[in-house]
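Asks: The structure that follows is given in the form of structure tokens.
The values are calculated or read from the model by the stated rules, or taken from the named source; none is laboratory data. Since this is a predicted model, take the numbers as computed values, not measurements. So basically every Cβ, Gly included, is an ideal-geometry build from the backbone, and we count neighbours across all protein chains shown. Remember, those area values only see protein heavy atoms, side chains included, never the ligands or the DNA or RNA. Shrake-Rupley method; radii C 1.70, N 1.55, O 1.52, S 1.80 Å.
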Amino acid sequence: MTGNAKLVAGGKDHDYPVLAGSVGPDVIDIRKLYGQTGMFTYDPGFTSTASCESGLTYIDGDQGILLHRGYPIDQLAEQSNFMEVSYLLLNGELPSQAELEKFSYTITRHTMLHEQLATFYRGFRRDAHPMAIMCGVVGALSAFYHDSTDITDPRQRMIASHRLIAKMPTIAAMAYKYSVGQPFLYPDNKLSYTGNFLRMTFGVPAEDYVVDPVVEAAMDKIFILHADHEQNASTSTVRLAGSSGANPFACIAAGIACLWGPAHGGANEAALNMLREIGHPDRIPEYIARAKNKDDPFRLMGFGHRVYKNYDPRAKVMQKTANEVLDKLGVTDPIFDVARELEQIALKDEYFVSKKLYPNVDFYSGVILSAIGFPTTMFTVLFALARTVGWVAQWNEMISDPEQKIGRPRQLYTGPTQRDYVPVGDR
Ligand code: SDX
């Protein structure tokens, strides 16, 4: 405890402890507020609410800082790899070479799916959105892996965590293959986590698939940039589902469903569709005007963030990666020119400056994913693939937190007060 906060409510003084973390805003511990005052706090969207204590990811929205277990995201993106960042998020420390090899070996040997899960795909229409398939197939994992659903058993929690991280690339690649009518490819344990995903997605049984190191490195960096992000909407969904004791596969399926929304993970698909709709820098002013028009629901997708009121540090790395990938792949995409021009115009526009709206992680990712060959419908699937390690790490942290209990918010009730039933003949 670092101090005291005084609240005058109902004509009485109430003191609440102020708790300090290792960095970032202090919190006022109001757990006794309702018992002492008979009042709730009111915070729709949880803009001023800390839902938990966590040591995983720290974000400073004003400074544009993102740390995973203390390590800055730009250093991890430039010097680490997704398997190592996954180990860091799950275990709290960077692994030794031997620890990393053991972890990668474990994950690699969980990449295959139960063969009957392939039949789930054939129940979907070929034009089903891949996120709909992800929600269904990931939720169905709990019907196949009964030996890792007991959340009170740390060993089962670990196996379920490894299975989810390992199987998401296989599930995602199969969703893409199903949508294009090509056969599924089994995982190839000789390849890296990311290389294996690329081969299962873009390879065909008719010929060998050679992983392009440029694409593999860009994809791996994109996975790192999406791995975890404090208590965002989908992570909070996973935590809330997990707080009831639901099995880990059901919790991650809930997180996938939440991520799908265009205000959250669905923004990368929406941002690229928006850039395509704009089509040419000359049309940017029209869309800037729409984004500023209160009567128009249109928002500049890939811009703005609940926490970042400065540049999203992930967007900076993403823009640099987009440049690199387009250059190395020799792809000239007019969409990228529209994105860079739109960013320059928006960052000088009073509306965006005053509201501190900067590009976020979703603004440039679509340019890279499109250059690699993914359809826009796969963009949020890739976000979910990468975020699974963050969801799993946050879920494990919550389950191990001695203070955690089932999440059950209250409300400000504004509906009718009690009244007697009126039979239909008397209405
Ligand atoms: C992700 O939480 C996370 O960490 C999420 C994420 C993660 O890694 O998990 O970072 C991933 O979801 C990134 C965000 C992707 N979403 C988008 O790019 C969609 C477009 N952005 C907006 O929908 C919006 O910025 C949000 C949802 C991201 C944030 O919304 P907030 O914090 O609720 O802010 P707000 O909607 O109250 O906006 C504040 C003001 C409003 O104007 P006023 O009512 O004050 O007049 O800014 C305006 C908004 O109208 N505004 C925008 C805008 N974003 C906010 N105006 C135009 N275009 C935009 N993009």
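Asks: Which of the peptides 365-371, 1-7 is most tightly packed, and how do the rest follow, going by the mean number of other Cβ atoms within 10 Å of each residue?
Replies: 365-371, 1-7
Asks: Take the alpha carbon atoms of segment 349-427, find their center, do the same for segment 78-134, and report the distance between the two centers in whole angstrom.
Replies: So the separation of the two Cα centres works out to 22 Å.
Asks: Compute the distribution of all C-alpha to C-alpha distances in the chain, in bins of 10 Å from 0, and list the percent of pairs in each, rounded to whole numbers.
Replies: For the chain, the pair-distance distribution reads 4, 20, 29, 25, 14, 6, 2, 0.
Asks: Now for a different question. Among His229, His280, His264, what's the order by accessible area (1.4 angstrom probe), most exposed first?
Replies: Largest accessible area first, the list is His280, His264, His229.
Asks: A follow-up question, please. Mind checking Rg over Rh on segment 1-49, alpha carbons, Kirkwood formula for Rh?
Replies: Computed over Cα atoms, the ratio is 0.99.
Asks: For Lys190 and Lys292 in the same chain, what is the full-extension length gain: residue separation times 0.36 nm, less their Cα-Cα distance, in nm?
Replies: Full extension from Lys190 to Lys292 adds 31.6 nm.
Asks: Excluding residues on the same chain fewer than 8 positions from Lys32, give the lysines whose Cα lies under 18 Å from its Cα.
Replies: Straight-line reach from Lys32, under 18 Å: Lys6, Lys12, Lys405.
Asks: Under 15 Å from the Cβ of Ile288, count the other residues' Cβ atoms, weight Lys and Arg +1, Asp and Glu -1, and hand me the total.
Replies: Local charge sum for Ile288: 0.
Asks: Turning to a different aspect of this structure: Where in the chain are the helices, taken as whole DSSP H runs, whose Cα atoms extend 20 angstrom or more along the long axis and whose Kyte-Doolittle mean reaches at least 0.5?
Replies: Within the chain the helices that satisfy the rule are 379-400.
Asks: On to the next question. So, by mean Cβ neighbours within 10 angstrom, what's the order for 137-143, 165-171, 88-94 with the highest one leading?
Replies: Per-residue Cβ counts within 10 Å, averaged per peptide and sorted highest first, yield 165-171, 137-143, 88-94.
Asks: Per the Debye formula with a single identical scatterer at each Cα and no solvent contribution, what log10 I(q)/I(0) holds for segment 308-427 at q = 0.13 Å⁻¹?
Replies: Here log10 of I(q) over I(0) equals -0.75.
Asks: How big is the charge dipole of segment 150-287 about its Cα centre, in debye rounded to the nearest 20, if each Lys and Arg gets +1 on its Cβ and each Asp and Glu gets -1 on its Cβ?
Replies: 420 debye
Asks: Let me ask something else. Calculate the translational D of segment 177-321 in whole µm² s⁻¹ from Stokes-Einstein, where the hydrodynamic radius comes from the Kirkwood formula applied to all Cα pairs, the temperature is 37 °C and the viscosity 0.692 mPa s.
Replies: The estimated diffusion coefficient comes to 178 µm²/s.
Asks: If you don't mind, there's one more thing I want to ask. Could you state the principal axis extents of the C-alpha atoms in segment 1-123, from the largest down, to the nearest angstrom?
Replies: Here the Cα extents, ordered largest to smallest, are 64, 42, 24 Å.
Asks: Would you mind putting 346-357, 212-223, 265-276, 42-53 in packing order, based on average other-beta-carbon counts within 10 Å, highest first?
Replies: Ranked from most to least packed, the peptides come out as 265-276, 212-223, 346-357, 42-53.
Asks: Straight distance only, please: which aspartates and glutamates reach the Cα of Lys316 with their own Cα at less than 14 Å, same-chain residues fewer than 8 apart left out?
Replies: Asp74, Glu78, Glu324, Glu343, Asp362
Asks: Given a 1.4 Å probe and every protein chain left where it sits, what share in percent of the accessible area of segment 162-321 is carbon and sulfur?
Replies: 54 percent
Asks: Probe of 1.4 angstrom, ligands and nucleic acids ignored: what's the accessible area per residue over the chain, in square angstrom?
Replies: For the chain, the per-residue accessible area is 50 Å².
Asks: How would segment 118-198 be classified by its alpha-carbon gyration tensor: rounded, prolate or oblate, with rounded meaning a/c under 1.5 and the a/b versus b/c comparison settling the rest?
Replies: In terms of gyration-tensor shape, oblate.
Asks: Right, something else. Going down the table (Lys102/Lys221; Lys102/Lys320; Lys320/Lys355; Lys177/Lys221), which pairs top 29 Å between alpha carbons?
Replies: The answer is Lys102/Lys320.
Asks: Would you please give the FRET efficiency between Asp282 and Thr332, computed as 1/(1 + (r/R0)^6) with r the Cβ-Cβ distance and R0 = 22 Å, to the nearest 0.05?
Replies: In this case the efficiency is close to 0.75.
Asks: What does the net charge come to around Ile224 if you take all other residues with beta carbon closer than 12 Å to its beta carbon, with K and R at +1 and D and E at -1?
Replies: Cβ neighbours under 12 Å give a net charge of -2.
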